[in-house]
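Presented below is the structure to which this report refers.
Where a number appears in this text, it was derived from the coordinates with a stated rule and is not lab data. Everything numeric here is computed off the predicted structure, so don't read it as measured data. All Cβ positions, glycine included, derive from the backbone under ideal geometry; neighbour counts span all protein chains shown.
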Amino acid sequence: MRGLTRRDTVKLGLGALAAGSMLSSGTLRAAVPVKDVPIPDWPIEEGATLRVLRPSKFVSADEVWFRKNTEKFTEVTGVPVKLEFESWEDLRPRTAVAANVGSGPDVIVGWSDDPFQYVDSLRDLTDLATYLGEKYGGWWPLAERYGIKDGKWISIPYGAAGGRVVYRKSWVNDVGYEEVPGDLDGFLDLCRKLKKAGHPAGLALGNAVGDANAWTHWLVWAHGGAMVDEEDNVIINSKETIEALKYGKALYETFIPGTESWLDANNNKAFLSGQIGLTQNGISIYFAAKNSEDPKVRELAEDIYHARMPIGPVGFPTERSLVVNAMIFDYAPYPNAAKHYIRFMMEKEQYDPFLINCIGYWNHPLVAYDESEVWKTDPKVTVYQHIMKDSLWDSYKGSLGPASQAVLADFVMVQMVAAACIGQATPEEAAAEAERRARRYYKT
Amino acid sequence: MAARSERVEWGGGGVHWLARLFDYKPFLIFMCLLPAVGLLVVFLTYPLGLGIWLAFTDARIGRGGEFVGLFNYELLFTDRIFWMSVGNTILYTVVATAGKFILGLWLALLLNRHLPFKSFLRAIILVPWIVPTVLSAIAFWWMYDAQFSVISYVLVDVLGWRDTYINFLGDAWNARWSLIAANIWRGIPFVAISLLAGLQTISPSLYEAALLDGATPWQRFRYITFPMILPILAVVLTFSVLFTFTDFQLVYAITRGGPVNATHLMATLAFQRAIPGGQLGEGSAIAVAMIPFLVFATVFSYFALARRKWQQGESNE
């Protein structure tokens, strides 16, 4: 591909628009409000090719539509793209190796705070973020939190998967609740009753990147605990944390046995096979049930409902979400092609059908997508709508950086909660151990 | 005549200097060794040296480190998880190696008999060894699943011997034993086939002589088979200990060190800290801490091998 002029790029955009509307076949005509902002003029390098690395799918449409949109990019720009999907646990190591060796995929859609670990070797994406932000009504707060370092955009948040309560409505109704209570006491009471009725809850306590981190962070934050304060001082060993751990232990007693070894896929399997009645998860369980080939499982989808996680004494929602960020490393030989790739994937002709077909599995970071059809058709999906608007970030209340990343990667929060839940340590011991481990990372 | 013409060639100025260079023995030796030495230096010495160096720095991923002396080791010394991983590694190595040896030797003795389909049987017992570790690990992961384990299913739903599913990977000790069982399953073929090779070198005449002397099967094993395969036993033992001690894949694929770090081996903990955790220096320090154990295993095998003289009938010094 020869270098592109500004006019060529605009034509490309128009081509994409046409291709997009052809694909959308009428049903996807939801009005995502778009401002008229010219596509930036970054001439695509001659002979450019791209390698893109991203996490593996949890809902099939995620991969299907990501591939489709990528193929469209190749069609429109002539830039061949090789897509690689990496399992959730191995995505961080792959990113780390690429960053350290200085060679690897041109675009890495990596985990939440990874960009903050590699600030020095990332390309500045401020122009791209500004363009997208202007065109699509701005970024949600969580996107800005994960994208910006010292006023510069170091990554483009592509989406976020968030945890909500996923439950079997009929079973919850059977034990006397109309819906999942929004307060901690009610929630615990519901779980106890579910357990008694033979439909226990199940939340992952193994080293599950998504699920275990999600609910253990929610638990501690809901009680007012946090790993660090605003100045990055380690404050995890607090009476709020200990309260949280006591609550966690009580909640754990309502779980199905075996959650100590659960990884990200376990609760999905257990829920779909009817062994648990309540869990916290992204929309993937509902998606799998709704799109199952087995009519019995499709019936189950009718009974699956979602709710926000209960609000604790802090008085505001404290869900954590798993953000994926597109990064371009310094070593990438075709930065303009890479930037165009990210831009292309975020444009509404590609992103909207992706969002709709994944029924919101990866939540939108750009405000305009709030108007997407996906949030208007199924009230069960709407519960997931504002994950990037009001979730807390990983190192809440402190800053994102290598220390927070190491604490997260070492599962300090998860293992503190797990140790207290399974009785390996008292809540006080578990909090003290977490403090010791976190201090080590924050000191160096 | 031949000698004369040779001398002429050596002395003659007409021979190309390159040919003469390659006739020069020290140079030739150097050239022949170069590829092997090069490979060793690039793929073994350099990474090992780099690992040892990193262990003395505070290097993080994406950022070079500075020399910090023994700081990483001081941190590890007070780290409960590190000491647990050391204990796990030793337990894992000792129990799994013992299991592999007892079962492997037994299997080798069985296969050494005249069985129908002997070669076929010998071929299929290699399967656990040749299947990629991660594949067998995933199979075990399913078998150990908290909700969908086939073992629990058989015990609870088919036979009715238990009321609850076994919490294979959720309980610290269950998880450790489960991993050891998987490692033994995987390691048996290597031991069995190596020992079988050793068994086949034993001359049948020794057994015939023993039979004539009225030796019992146990005596034949104790005084003929065992001493004769001792050298190969020592080699296989060393390799087996080294493989087991440095095992990474099985544990990482099945438990990822969980529940709550209870099954971390030194290798998995080093990886966890260095790559996902980004603390290259500390991870390297854990990896380097494995070296003394490995050296000990090698030295042990060296002395075990040195006993060969005695087995060959010479005096036992």
Give or take rounding to whole Å, what are the principal axis extents of the alpha carbon atoms in chain A, in descending order?
-> 66, 54, 32
Residues in segment B:211-243, backbone N under 19 Å from the label point at B:L103 (7 Å along the Cα-to-beta-carbon vector): list them, ranges by number please.
-> B:236-243
Between B:I138 and B:F120, 0.36 nm times their residue separation minus their Cα-Cα distance comes to what?
-> 3.9 nm
Going down the table (A:K68/A:K376; A:K135/A:K269; A:K339/A:K443; A:K195/A:K389; A:K57/A:K239; A:K68/A:K269), which pairs top 30 Å between alpha carbons?
-> A:K135/A:K269; A:K339/A:K443; A:K195/A:K389; A:K57/A:K239
Assuming R0 = 60 Å, what is the FRET efficiency of B:L33 and A:E134, from their Cβ-Cβ distance, to the nearest 0.05?
-> 0.40
How far apart, in nm, are the 7 Å Cα→Cβ label points at B:F71 and A:K152?
-> 2.6
Calculate, for A:E84 and A:E46, the FRET efficiency according to 1/(1 + (r/R0)^6) with r their C-beta to C-beta distance and R0 30 Å; round to the nearest 0.05.
-> 0.80
Which of B:V134, B:V42, B:V191 moves most in a GNM of chain B, Cα contacts under 10 Å?
-> B:V42
How high is the relative contact order of segment B:80-311, in percent, with contacts defined as C-alpha pairs under 8 Å that are six or more residues apart?
-> 28
FRET efficiency for A:K239 and A:Y331 from the Cβ-Cβ distance with R0 = 45 Å, rounded to 0.05, comes out at 0.40
Work the Kirkwood hydrodynamic radius out for segment A:188-285: mean of 1/r over every pair of different alpha-carbon atoms, inverted, in Å.
-> 14.1
Ignore the peptide's own chain and count Cβ atoms of other chains within 10 Å of each Cβ in A:193-202; give me the average, rounded.
-> 0
Compactness of the protein assembly as shown - radius of gyration and Dmax, Cα, Å = 31.0, 112
Neighbouring partner chain Cβ atoms per residue of B:168-178, average, 10 Å criterion | 3
Relative contact order, percent, chain A [alpha-carbon distance under 8 Å, six or more residues apart] = 26
Where in chain B are the DSSP H helices whose C-alpha atoms run 24 Å or more along the long axis and whose mean Kyte hydropathy is at least -0.5?
-> B:80-111, B:172-200, B:226-245
Stretched out fully, how many nm does the piece from A:V64 to A:D189 gain, at 0.36 nm a residue minus the Cα gap?
-> 40.9 nm
Label points 7 Å out from Cα along the Cβ direction at A:T74 and B:A210: separation in nm?
-> 6.6
Base-10 log of normalised Debye intensity for segment B:57-133 (one unit scatterer per alpha-carbon) at q = 0.27 Å⁻¹ | -1.18
Compute the length gained on full extension between B:S203 and B:L91: take 0.36 nm times their separation in residues and subtract their Cα-Cα distance, giving the result in nm to one decimal.
-> 36.6 nm
Size of charge dipole - chain A - debye, nearest 20, with Cβ of Lys, Arg +1 and Asp, Glu -1, no other charges | 500
Only Lys, Arg (+1) and Asp, Glu (-1) charged, at Cβ; segment B:96-236 dipole about Cα centre in debye = 340
Calculate the translational D of segment B:80-311 in whole µm² s⁻¹ from Stokes-Einstein, where the hydrodynamic radius comes from the Kirkwood formula applied to all Cα pairs, the temperature is 25 °C and the viscosity 0.890 mPa s.
-> 124
Using 7 Å Cα-to-Cβ label points, what is the A:S56/A:E178 separation (nm, one decimal)?
-> 4.3
By the mean-Cβ-within-10 Å protection proxy, highest first, A:246-252, A:85-91 rank as A:246-252, A:85-91
Looking only at B:R80, B:R176, B:R60, which one moves most when chain B is put into a Gaussian network model with springs between Cα atoms under 10 Å?
-> B:R80
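If you average the sequence gap of Cα pairs under 8 Å that are 6 or more apart and divide by the length of segment A:236-329, what percent do you get for the contact order?
Averaging sequence separation for qualifying contacts and normalising by length gives 12 percent for segment A:236-329.
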